[in-house]
Amino acid sequence: MNILIIGSGGREHAFAYKISQSKHCDKLFTMPGNPGTAQYGTNVPINPNDFTTVGKFCLDNKIELIIVGPEEFLVNGIRNYFEADNQLKTIGFIGPNQQGAQIEGSKDFSKALMKKYNIPTAAYETFTFENIDDGVKYVNAHTLPIVLKADGLAAGKGVLICESHEEAVAELQAMIKEKKFGDASTKVVVEQFLKGIELSVFVLSDGTNYKILPSAKDYKRIGEGETGLNTGGMGAVSPVPFADDVFMKKVEERIIKPTILGLKNEGINYTGFVFIGLMNMDGEPFVIEYNCRMGDPETEVVLPLIKSDVVELFKACADGKLNEYDLHIDERTSTTVMLVSTGYPGNYEKEKIIGGLNLCEGSLLFHSGTKLNNNNQLVTNGGRVMAITSFGNTVQEAISVSLKNAEIIQFEGKYFRRDIGYEFV
Ligand code: AMP
Ligand code: GLY
């Protein structure tokens, strides 16, 4: 069948890599894609927010399966556009509609879902301009630190952890009154700080049934030892060694089952990934957030561990038959190290020539921010440039291969963290 992946990062390259291995994949398209995805098929220079053009492309190219990578298009309702059209609605679609995407697009929605279905999470209240005075009182009576979250999408910047009441009150007012995060902070969730170790669990749901994919931990800060600014993710490990069967059973019973059932009870037919950000507090899982998609760079470690044919997996999901599907997972560990441009997550330069890829051995190289320049040379085109994924029987074994290849790949201003997976080696 012909398949379309939407997105252009390392996550989408990892999807393209796995999908291209399937015996069911005829033509593979990535919209807009990058030089990494181009190795497996055709990149399509259409803006995925232009739903009409995307729909026409799908009909013209007889697309039978669509996988959406980034949240933006889901939150904007690309799935709803397809569901509303008689021809387009027959295409298998991995990614929820706008109602389902609220689990990521609205913190207030996701917290209310958790509260209603008794899913363990931080205690919270939501405030708007109308009840900001109550918000100030709530914040002043809150234990420290205090977590403030812009309700809507804020490019990963909408969460503030405040160490004093004065700071929290000032930030609450800046978010609501001064629209610090634009319309995203019209509503603000104020919540309890959870102390523990973070990890992520990924679930593929067909609306009723689900499959749990390997857990992962990403390393968000730019500096080694988890210091400095937050990034999109500097590396990842999968599975997470402490997410053993006992812990995962708690996650499944207390979090995954009520989440999938809750969405269904709310009348949402959720077909797609649920990315559950968790805090492990002394062996007990609490939800920090949901995302309506896979993570990046988590996908670059999780997907390569799937041994089953992923097109069969996605098809079973789209057909509502995940219960009949047998998922096989590699027993090994995978790690990824992200090469970034110096300056990221602030300002950085682009168009630096990338060399040494053909000298790398033993790793999968997933392109994040790369492009071909006018001379057809591979150059940097983003803060995160390339994810280097390797396998091993232990985290140590896998990470040593990723780090070796991280040294081999060259571009001016290259930076990467050498301590990915440090707690597990
Ligand atoms: P989010 O955008 O919800 O993923 O939040 C970004 C980051 O803020 C998370 O990955 C956590 O590291 C941190 N965070 C969010 N909520 C909490 C919380 N209630 N307690 C502690 N840390 C949190
Ligand atoms: N790596 C975190 C995310 O994809 O949201």
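The values are calculated or read from the model by the stated rules, or taken from the named source; none is laboratory data. It should be emphasised that the depicted structure is a prediction, and the values quoted were computed from it without experimental measurement. Positions of Cβ are generated from backbone atoms using ideal geometry, with glycine treated the same way; all protein chains shown enter the neighbour counts. To get the accessible areas, we keep the full protein, side chains included, count just its heavy atoms, and leave off ligands, DNA and RNA. Shrake-Rupley method; radii C 1.70, N 1.55, O 1.52, S 1.80 Å.
Some notes on this structure:
- Neighbours of V274 by Cβ distance under 10 Å: Lys/Arg scored +1, Asp/Glu scored -1, total 0.
- Efficiency of FRET from Cβ geometry, H328 and L144, R₀ 35 Å, rounded to 0.05: 0.15
- For segment 287-295, putting each phi into the Karplus relation 6.51 cos²θ - 1.76 cosθ + 1.60 with θ = phi - 60° gives couplings of 7, 8, 6, 10, 10, 9, 7, 7, x Hz, in residue order, rounded to whole numbers and with x for Gly and Pro.
- Cross-link reach list, lysines versus K27, counting only Cα pairs under 17 Å and skipping chain neighbours closer than eight places: K18, K56, K62, K315
- Overall dimensions of segment 286-330 by Cα: Rg and Dmax, Å: 12.4, 32
- With both labels modelled 7 Å from their Cα along Cα-to-Cβ, the F57 to D183 distance reads 2.4 nm.
- For segment 43-103, the C-alpha radius of gyration divided by 2.2 N^0.38 Å, with N the number of residues, is 1.02.
- Each Lys or Arg adds one and each Asp or Glu subtracts one; over the other residues with Cβ under 12 Å from the Cβ of E72, this totals -1.
- Ranked by how many other beta carbons lie within 10 Å on average, peptides 351-359, 249-257, 27-35 from highest: 27-35, 249-257, 351-359
- Across segment 140-299, counting alpha-carbon atoms alone, Rg and Dmax equal 16.7, 46 Å.
- Per residue, segment 169-234 exposes 40 Å² of solvent-accessible protein surface, assessed with a 1.4 angstrom probe and all protein chains in place.
- In sequence order, segment 224-238 has phi-based couplings of 5, x, 6, 10, x, 6, 6, 10, x, x, 9, x, 7, 10, 8 Hz under the Karplus curve 6.51 cos²θ - 1.76 cosθ + 1.60, θ = phi - 60°, and Gly or Pro positions carry x.
- Given +1 at the Cβ of Lys and Arg, -1 at the Cβ of Asp and Glu and no other charges, the dipole of segment 212-298 around its Cα centre is 240 debye to the nearest 20.
- Kirkwood-based Rg to Rh ratio, the chain, C-alpha trace: 0.95
- E198 long-range amide H proximity, modeled H, under 5 Å: N280
- Amide H to amide H, with H built 1.01 Å from N, S308 comes under 5 Å of H328, counting only residues 5 or more places away or on other chains.
- Working note: Cα gyration tensor of segment 340-425, eigenvalues times five, square-rooted, sorted largest first, giving semi-axes of 24, 15, 9 Å.
- Relative contact order computed over the chain (Cα-Cα under 8 Å; 6+ residues apart), in percent: 16 percent
- In summary, the lysines within cross-link reach of K414, defined as a Cα separation below 19 angstrom excluding same-chain residues under 8 places away, comprise K220, K350, K352, K371, K404.
- Sites listed here are trypsin sites (Lys or Arg not before Pro) in segment 292-337 whose DSSP assignment is loop and whose Cβ has at most 13 other Cβ atoms within 10 Å: K307, K321.
- Just the protein heavy atoms count here, and of the accessible area of the chain at 1.4 Å, carbon and sulfur take up 48 percent.
- Ranked by how many other beta carbons lie within 10 Å on average, peptides 12-22, 112-122 from highest: 12-22, 112-122
- For segment 219-294, pairs of C-alpha atoms spaced more than 16 angstrom apart make up 62 percent of the total.
- Value of Rg to Rh for segment 1-93, rounded to two decimals, is 0.93; Kirkwood radius and Rg both from alpha-carbon coordinates.
- Counted over all Cα-Cα pairs of segment 74-122, pairs farther apart than 12 Å make up 65 percent.
- Reachable lysines, given that their alpha-carbon falls under 19 Å from the alpha-carbon of K180 and they are not under 8 places away in the same chain: K107, K149, K157
- Ordering of 194-205, 127-138 by burial proxy (mean other Cβ atoms within 10 Å per residue, highest first): 194-205, 127-138
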